[in-house]
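One structure below.
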Amino acid sequence: MEDGDGDGDGDGDGDGDGGGLIKQKAIEIFYSPVVNVRKMEDGDGDGDGDGDGDGDGDGGGDGLGVISGSTHGCFIVVTMKHSVVVLPLVVLIWVFLNGCVYCQTPAGVNVGAIFTFNSVIGRAARVAMKAAVADVNADPKILKDIKLNLIEEDANCSAFMGSVGAFKVLEEEVVAIIGPQSSAIAHMISEIANGLKVPQVSFAATDPTLSALQFPFFLRTTQSDFYQMAAMADLVDFYGWKEVIAIFIDDDYGRNGIAALDDELEKKSLKISHKFPLPIQFDVGNITDMLNKSKVLSTRVYIVHVGPDPRFRIFTIAQKLEMMTNKYVWLATDWLSTTLDSLTPMSQTSLHILQGVVGLRQHIPDSSRKRAFVSRWKKMLQEGLASSELNTYGFHAYDTVWAVAHSIDKFIKEDGNITFSPNDMLLKMNSTDRQMSNLKVFDGGSLLHRILLQTNFTGLSGKVQFNQDNRNIVSDGYDVINIDQMTVHTVGYWSNSSGFSVLPPENLKRDQNSYSSLDQKLKNVTWPSGKTETPRGWEIANNERPLRIGVPYRASFVEFATVLPNSHKMQGYCIDVFNASRKYVPYDVPYILEPFGDGHSNPNYYELVQMVANEVFDAAVGDIAIVTNRTKIVDFSQPYATTGLVIVAPVRNSKSSAWVFLKPFTVEMWCVIGASFVVIAVVIWILEHRVNKDFRGPPKRQLITMFLIVIVILVLKENTVSPLGRMVMVVWLFLLMVITASYTASLTSILTFQQLSSPITGIDSLIASNWPIGYQVGSFAYSYLADNLYIPRSRLISLGNPEEYASALRKGPKDGGVAAIIDELLYVELFLTNQTEFGIIGQPFTKSGWGFAFKRDSPLAIDISTAILKLSENGELQKIHEKWFCKMGCPGERRQKTESNQLNMISFWGLYLLCGVFTLGALLVFLLRMVRQFARYKRQQQQQPQQTDPSSPSTVLSKAHCPQIIYSFFDFIDEKEEAIKKMFTQGDNPPGRID
């Protein structure tokens, strides 16, 4: 109390009426269950009190009295004179009052609500929350005898005003804050709520980052944009689009929502190609500039993530710019459905602007309570109690009040009282900040927060239950809506567990952990064109902005690509391949060809590819080799020509030889053939000697017959008699036919193709030679030879055209030329069409191909690759090649054949093995048969000895001793088969003599 004039009333003993001026100074003890005590000093002022005291004159008087008391505390005035006596009494009174206060149930509970009143969400939320408060206060089962008070403050779409509103409601000792609807304001208020431990429950702030540990007292009864952006990414992937353009508000809500979308797209190998932020208070000019910038881009899928806009300004400007056509796709987050749901029937005439737009709406399961509340809302509209149609955030706002009410009811039942304490940091502030010092910390804030997290009931919006990890409400999914003919259609549903479906999520029974892309279904969507055919989603070029294609303007080998004289047109093999493949692309691609280079020297191909990567050119068409360093910066099409580095060197013709007929077979092969003739002749003689008279007679005749056995059979029509001989002869004839055919083919090849030779045998011998090596200017061969094969750069000589090639090769390394040239195969083949003294040495020592270069992730690269495959399959690619390079014979036919044309034993070992098995088998069978006959005959002679002519075989065998058995055996074999049979016949009958 400061000095002032006034009357003081008091009863007491002493002189005077007790009326006078009192000078008082209060020492204030802050708000708490503890009693507030004030010490009054002498001074002037007004004061009422009862007590004992003495007073003289005008007034000096000391008095003791209770000034005021409340459920939260009381004020005590203590005189300095009697403080010793009175203080114990003060403490006793304080204890008594504090006990009474603690046990007393509050008559009312204050809850703050901060949101923008005059907004699409705010108009519905305000009415819904008031209805919820009325329902709570009318329900005797909850907060019995306690009134729920909702203290509202208007944030006016401003973080500053929202913060001011937060301080205002906190001064009213609120136990919870509902709101705000704006994510940007929620960030600010959450810091305040954290400091004073007041739980904050938002029904509309969807920024995913609000779930961070930075804001432990923040909860939300609406779905986080984390789930909405997962649904949007699935929608993009469902229709097969690869890139999107994001339009968003440049605040926490917009930036963090698009960041979540970027993360979800990246999981599916998709991406946001361009981002276009808009100011918070954007106007028509901002929208027009942004859309004009986006029109020149190839991506045609737009995702709009802004705040509710009843005027649909973005789509209105897009329609004026002719961007609501069949070439464009427009996707919107739930701001669009919120705006549409809030429109009155009279305001829905503007829906024609949204033709073909697809959006998301937070899914609200159907229920009897929901239908009843919608009917109640319509009645409130008729009575003027509501100025807006009901949207999803209205349902969430209604459920938020009930969630807070349930939690407060449980809190009071557990804790019994609601108390606040001063903030130590605020107490230390200067006296000029007394307004801030009035803010109190909610003692039960942490407990109420834990109770809120345990909320579990079914409200108007469905199941109200919080995820314990991120304090978000459990997602019910989203509706997929489509505007067609001024009507909003629901074409499907999305949930985090089942993906897209034509059935609501609550009707699906499936595995909650995963879902297959094959199960995804949506109803037909009508796009801005009015058709149900899914738009391509991108446009490479149009007539206003044709595709800029760089083409190397070569000085040599102009057959591949060159500029026509006195014209800006270009022609060549590469140009024809590109034009032919473009016909198989399922859409029109306007383009212009721009020469790269001056035409006097070959351009640097890496620089051309780099210009494509830097978006100077949209693509590059030409004889561009697909090599590693280029694939790192651009995308290539399927190779339309196979090539590789080869060696070109001078060659000389090999001279003809009188012994050329021996070249088809190697020496080893000739020896094997000769040996096989001898073996087969011996075997056939053995098998035929006993039964075939042509193989008997004088030794000289038998020797001639044996070595000319093949000629006798083939030419003189001699026949074999024994079955084993015939079997061996059949196998031998088969082997002989194969060898003869192979010999003929090899000899024909040798006599037909001209053989070339060179001192260089391959890349290894060239590297080891230390001779100078030529390469084509602008080719990747230079870097490959120097960086990969480590050939000194001093050995590499640049050559610009075929004439320089020929001159350098003719001079050779000793006269200032080169020993060989390393270049790509297609160039070399074209060079050799007019050259006979040079040839290709060996095979290509690298494998690569030519392709067309495109910017990274260009969809045209895929379509051109598909077209090239079709050209290859139907033969058109080969026809184009023949058109340019086979007018006088294809150059590939001139490639040197360095491998030997001679046939060796490896090519025939299988046949020889087969022939050997049959031959040895036949010989073995014959010998076993002879041994058996010989043993039988000897056994017969021992059993029935006879007197025979000493010269007969029987007489010899009967008198033979062991050393003579072998000789006797060969004599036995030499006998005719008929003589042996006759001998066995006589042995079975009475003894007789063999003639």
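With respect to ASP262, is the statement that it is within 16 Å of the chain's Cα centre (by Cα), surrounded by fewer than 20 Cβ atoms within 10 Å (Cβ to Cβ) and either at pLDDT 95 or above or farther than 19 Å from ASN496 by Cβ (or both) true? It is true that ASP262 is within 16 Å of the chain's Cα centre (by Cα), surrounded by fewer than 20 Cβ atoms within 10 Å (Cβ to Cβ) and either at pLDDT 95 or above or farther than 19 Å from ASN496 by Cβ (or both).
Residues in the range 440-463 that are closer than 30 Å to PHE238 by Cα and either of a type in the set (Val, Ile, Thr) or within 30 Å of the chain's Cα centre (by Cα) (or both): there are none.
For the range 716-738, taking the residues that are within 29 Å of ASN904 (Cβ to Cβ) and open to solvent by 80 Å² or more (accessible area, probe 1.4 Å), the one that is modelled with the lowest pLDDT is identified as VAL730.
Are any residues in the range 306-340 part of a helix (DSSP H, G or I), crowded, with 21+ Cβ neighbours inside 10 Å and not hydrophobic (A, V, I, L, M, F, W, C), and if so, which ones? Across the range 306-340, the qualifying residues are ASP334, SER337, THR338, THR339. What residue, among those in the range 142-170 that are charged (D, E, K, R) and at pLDDT 90 or above, is surrounded by the fewest Cβ atoms within 10 Å (Cβ to Cβ)? Restricting to residues being charged (D, E, K, R) and at pLDDT 90 or above, the top hit is LYS147. Quick check on the range 377-385. Is at least one of its residues surrounded by fewer than 20 Cβ atoms within 10 Å (Cβ to Cβ) and either under 30 Å from the mean Cα position of the chain (by Cα) or among the basic types (Lys, Arg) (or both)? Among the residues of the range 377-385, at least one is surrounded by fewer than 20 Cβ atoms within 10 Å (Cβ to Cβ) and either under 30 Å from the mean Cα position of the chain (by Cα) or among the basic types (Lys, Arg) (or both), which makes the answer yes. Among the residues of the range 805-830, those identified as more than 21 Å from GLY644 (Cβ to Cβ) and either surrounded by 21 or more Cβ atoms within 10 Å (Cβ to Cβ) or in contact (Cβ under 8 Å) with a residue 24 or more places away in the chain (or both) are ALA806, ALA808, ARG810, GLY812, PRO813, GLY817.
Only residues that are open to solvent by less than 60 Å² (accessible area, probe 1.4 Å), in contact (Cβ under 8 Å) with a residue 24 or more places away in the chain and outside any helix (DSSP H, G or I) were counted in the range 856-878, giving 1. Looking only at residues of the range 272-294 that are assigned to a strand (DSSP E or B) and either open to solvent by less than 40 Å² (accessible area, probe 1.4 Å) or touching a helix residue (DSSP H, G or I) at 6+ places or on another chain (Cβ under 6 Å) (or both), we find that the one that is farthest from ALA246 (Cα to Cα) is LEU278. Here the range 526-552 is the region considered, the condition is being out of contact with any Gly (no Cβ under 8 Å at 6 or more places or on another chain) and among the β-branched types (Val, Ile, Thr), and the residue that is least open to solvent (accessible area, probe 1.4 Å) is ILE549.
Just one of the listed residues (ALA820, ALA786) is more than 11 Å from VAL648 (Cβ to Cβ), modelled with pLDDT of 90 or more and not assigned by the TED database to the domain that holds ASN604, namely ALA786.
When you go through LEU210, LEU219 one by one, which is the residue that is in contact with a Leu (Cβ under 7 Å, 6 or more places away or on another chain) and at pLDDT 90 or above? Answer to the selection: LEU219. One residue stands out in the range 800-841 among those that are over 22 Å from PHE885 (Cα atoms) and outside any helix (DSSP H, G or I): the one that is nearest to the chain's Cα centre (by Cα), namely ALA820. When the test is whether a residue is buried (at least 21 other Cβ atoms within 10 Å of the Cβ), among the acidic types (Asp, Glu) and either out of contact with any Phe, Trp or Tyr (no Cβ under 8 Å at 6 or more places or on another chain) or within 22 Å of GLY849 (Cβ to Cβ) (or both), ASP588 does not pass it. No other residue among GLY356, GLY394 is on the phi > 0 side of the Ramachandran plot and either in contact with a strand residue (DSSP E or B) (Cβ under 6 Å, 6 or more places away or on another chain) or not aliphatic (A, V, I, L, M) (or both) apart from GLY356.
Residue under question is ALA555, and the condition is that it be more than 33 Å from the chain's Cα centre (by Cα), open to solvent by 20 Å² or more (accessible area, probe 1.4 Å) and in contact (Cβ under 8 Å) with a residue 40 or more places away in the chain; does it hold? The answer is yes for ALA555.
With respect to (1) open to solvent by 10 Å² or more (accessible area, probe 1.4 Å); (2) out of contact with any Asp or Glu (no Cβ under 6 Å at 6 or more places or on another chain), the lone exception for GLN228 is condition (1).
The values are calculated or read from the model by the stated rules, or taken from the named source; none is laboratory data. As the structure is a prediction and not an experimental result, all values here were calculated from the model. When we count neighbours, we look across all protein chains shown, and the Cβ atoms used for this are built from the backbone with ideal geometry, even at glycine. What goes into the accessible areas is simple: the full protein's heavy atoms, side chains included, and nothing from ligands, DNA or RNA. Shrake-Rupley method; radii C 1.70, N 1.55, O 1.52, S 1.80 Å.
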